[in-house]
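Since the structure comes first, as structure tokens, the remarks are kept for the end.
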Amino acid sequence: MARFVSASRSVRPSALQCRDYSCRQRGCRKMRGGQVATEYAKDYLRALQIALGVAVDWVAALPQQQQRAIRQRLHSATGVVDEVRVNGARFIACRCHRQADAIVVAGPYRLPDDIVHGELPVLTDAQAMRVRAVLEAAGPALRATIDDRWQRLELANRLEVVSSSVLAVTGELALDTVLRRIVDLARELAGARYAALGVPDATGDLVQFITSGLTEEQEQRIGERPRGRGILGLLLREPKSIRLADLRQHPAAAGFPPGHPTMASFLGVPIVARGRVLGNLYLTEKRVGKEFTEADERLIELIARHAAVAIENARLYRELADQQRRLKAIVDEFPEAILIAEAQPPTITLANRRVSEVLGWEVQTPIGVAEWFARNPRYRPDGSTLTLEELPLYRALCYGEEIVHSEIRLQRADGSSVTVLVNASPLRDPSGKVTAATAAFQDITRIKDAEHLKDDFLSLVSHELRTPLTAIQGGGMLLDREWERLDEEVKRDLVGDIARESRRLGDLIDNMVQLSNIRAGRLTLLTEPVYLPLVIQRAVSETQPTAGARRIHVDLEPDLIVDADPGTLDQVLRNLLDNAVMCRHQRP
């Protein structure tokens, strides 16, 4: 009985090694190339069975001695059919496919005159010749079938590697890392010894040249990077793939600088996006074979298309990051605290430095709106607690509301509080959907404190004005109604009180005018030498009547002269004395 055997390098498929050195992926499907490829030749094996009239099957495990003998006889040539004898048993073997390492074997059998141990099927010379002829005739068809399947496996494997590698490249957003991964990936998939990625500027000169496969010593020997001359420049001027068996023979070749490694086979593929050349992939020195194949070219073109997307994404990301940095630099200079938040999920993506100053803690973005809100308790002007849903930024972000001049008091971690005035507005996409929101809040604590001081000042001024006005009004009404019945001394006292309170009222008005001038920066002092005892004595004389029974005592060096504005100095002294008199009832 004749049996057909498919022999491979090892009995166990798990022990087979991928012989394509450009593929370093573990679990590569080509590791099962021989068995898988020949599995698709079953139809031809059935035809052989019919033609020979014997049972035909694939047997994956010949004894090692028989395998070695058959391989030594057939060597590595495809299409060779020969007879092999092992321990008296005969085999007719045909190597159908060298790359897949597929060998079809008929046997073992013996001729009628052979003396062998054990029982073996007997074939006549004519039958053996017929088996040999059938195997030889079936070889091309088997080879074509295995070729087709092998190419499919090769393509599937490469596409699998490309897919996983491209996902790794496109998932990266740092441009320098993207460029490095692209050139390394292209070199590995094409089986090239060296690879480079050149990035041109607007003038066509190469501004970046990233290499793969060169050692540091080789790069140092080469020195200055290429500028885009010779074949590199040709690819820049005419963005289409170039595949050469020997780039040194091309008319555009410009030669190599001293110290440059020898390079012959060449594959150049442009990386193009929307009609604009983003870069070029250069591959040289095919590791297996003399030159790059059409399949290599198609594969690198596929890589280039994905690389264009990855480079565009990385550049857009870099531009966006640059814009965000510029925006933050501008926003950081604003006196108001500025926030920008995105809607899904509610997250603060930008906060200028004034935000941290107002809140009392370092705000690091991105940070969730809820987490940001929880760091500072918030209260309304009436003291009631503000919830997250009532927060102006949250209302703008989640409900599309526009909030203007919302007053909120923030509690800091150190126990202090600040009052802020908040404006918030939603940002919408072209369809009207709220995608983000901005909020600006201003620390108005000093303004609120100033308002309280102003209220206190107005209350004090109204009281101070009311006192002299009451005295003036009371004295004037008494003189008007009781003039005839009042004696001269009382009249003089009332007139003196009216005059004194009038001066006091005038001083209060002058004080307010001067305060207004000081705030407006309009106060002008005209200084001159002033004899201080005289000014003080005059101020004491005018103030003493309001002091009642208490006497005003002044301790002053004699003949003291100061350089001052006489009117302002007199006003300051009288203010001091008036305040002292007003506080007389609070002292023992």
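Please treat every number below as a calculation from the coordinates, not as lab data. This is a predicted model, so every value here is computed, not measured. Cβ atoms come from the backbone with ideal geometry, glycine included; neighbour counts cover every protein chain shown.
Please report, to one decimal in angstroms, the Kirkwood hydrodynamic radius of segment 334-441 built from all distinct Cα-Cα pairs.
Details: mean 1/r = 0.0723 Å⁻¹.
Taking every pair of different Cα atoms in segment 334-441, averaging 1/r and inverting gives 13.8 Å.
Regarding segment 171-320, what whole-number volume in Å³ per residue does the convex hull of its Cα atoms give?
Details: hull volume 16.6 nm³, N = 150.
Cα-based convex hull of segment 171-320, divided per residue, equals 111 Å³.
Normalised radius of gyration for segment 444-515, please: alpha carbon Rg relative to 2.2 N^0.38 Å, two decimal places.
Details: Rg = 17.3 Å, N = 72, 2.2 N^0.38 = 11.2 Å.
In units of the 2.2 N^0.38 Å rule of thumb, it is 1.55.
So what's the gap between the Cα centers of segment 393-429 and segment 211-274, to the nearest angstrom?
59 Å
Taking the beta-carbon count within 10 Å as an exposure proxy, list Cys94, Cys398 from fewest neighbours to most.
Working: Cys94 25, Cys398 18.
Taking fewest neighbouring Cβ atoms as first place, the list is Cys398, Cys94.
For the pair Val309 and Thr524, what calculated FRET efficiency results from E = 1/(1 + (r/R0)^6), where r is the Cβ-Cβ distance and R0 = 51 Å, to the nearest 0.05? Present the calculation step by step, with values, prior to reporting the outcome.
Details: r = 72 Å, r/R0 = 1.41.
About 0.10, to the nearest 0.05.
Can I get the semi-axes of segment 502-579's equivalent ellipsoid? Compute them from the C-alpha gyration tensor as square roots of 5 times the eigenvalues, in angstrom, largest first. Before the final figure, lay out the partial values.
Numbers: eigenvalues 106, 69, 13 Å².
Values for segment 502-579, descending: 23, 19, 8 Å.
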